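Below is one structure, written out as structure tokens; the observations come after it.
What follows is calculated from the coordinates using simple rules that are stated; it is not laboratory data. Remember, predicted model here, so these are calculated numbers, not experimental data.
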Amino acid sequence: MAFNFEALIWYIFLIDSIGANILSLFFHKWYKKNCKGFYKHFPSAKGWSLFYLFLVLWIGWLLIQLGVLPW
């Protein structure tokens, strides 16, 4: 099986979007308390993180339809 750069990038985005959802849904107070300077510019919003996950899954579905993703 040949190396597929697009699949690697998609899996990195998938891990990032899952991590963003876990952070915004379960650890919102911890993030706000411990990352004060970062939280001011990048707040964790449940709606945006779910939308981000939806977009990543949709792009993954398109890549599967094109035969780019191996699984």
Add -39500 (n - 2.57) for each DSSP H run of 4 or more in the chain, then divide by its residues: what number comes out at 222 nm, to the nearest 500 deg cm²/dmol? -25500 deg cm²/dmol
Gain upon complete extension [residue 8, residue 32; 0.36 nm per residue less C-alpha separation]: 5.6 nm
Could you give the C-alpha radius of gyration of the stretch 18-71 expressed as a fraction of 2.2 N^0.38 Å, taking N as the number of residues it contains? 1.46
Please give the helix 46-66 orientation as an angle from the longest Cα principal axis of the chain, in degrees from 0 to 90, rounded to the nearest 10. 10 degrees
